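The following block contains the structure, expressed as structure tokens.
The values are calculated or read from the model by the stated rules, or taken from the named source; none is laboratory data. Treat the numbers as computed from the prediction; the structure is a model and nothing was measured. Glycine also receives a Cβ, built like all others from the backbone with ideal geometry; neighbour counts cover every protein chain displayed. The area values use the complete protein model at the heavy-atom level, side chains included, leaving out ligands, DNA and RNA. Shrake-Rupley method; radii C 1.70, N 1.55, O 1.52, S 1.80 Å.
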Amino acid sequence: MELRISNLRRKKRFTKDLKRLDQTTHLKVETTLKQLLADPPPRGLRLKKIEGYPDIYSVRVNQCYCRSKS
């Protein structure tokens, strides 16, 4: 089954945390989010469904940062 993501919701907490990141990581997060919206998303994204939640996934941005999204 291929995952299709049509939109992303940025919660206040996400936006606040994003502002705290260094510029390099901030740009990597933005790039990764754009890739998630591509049709279809690239296979190289490390996207993982979070157990127990129907529409929440985690995506790894780099070796240090992993972010959940719904």
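Residue 50 versus (1) over 13 Å from residue 62 (Cβ atoms); (2) out of contact with any strand residue (DSSP E or B) (no Cβ under 8 Å at 6 or more places or on another chain): which is the lone unmet condition?
Against the list (1) over 13 Å from residue 62 (Cβ atoms); (2) out of contact with any strand residue (DSSP E or B) (no Cβ under 8 Å at 6 or more places or on another chain), residue 50 comes up short only on (2).
If a residue must be in a loop (DSSP other than H, G, I, E, B), open to solvent by 40 Å² or more (accessible area, probe 1.4 Å) and either farther than 21 Å from residue 7 by Cβ or at pLDDT below 85 (or both), how many such residues does the range 51-70 contain?
9
List every residue pair whose Cβ atoms sit under 7 Å apart, with the two residues 6 or more apart in sequence or on different chains, where the first one lies in the range 9-30 and is touching a residue at least 60 places away in the same chain (Cβ under 8 Å) and the second, anywhere, is open to solvent by less than 40 Å² (accessible area, probe 1.4 Å).
Cβ pairs passing all conditions: 9/70.
Just name the residue that is modelled with the lowest pLDDT out of those in the range 8-27 that are within 15 Å of residue 57 (Cα to Cα) and open to solvent by 100 Å² or more (accessible area, probe 1.4 Å).
9
Which members of the range 28-50 meet the condition of being basic (Lys, Arg) and either assigned to a helix (DSSP H, G or I) or surrounded by 12 or more Cβ atoms within 10 Å (Cβ to Cβ) (or both)?
Correct list: 28, 34, 48, 49.
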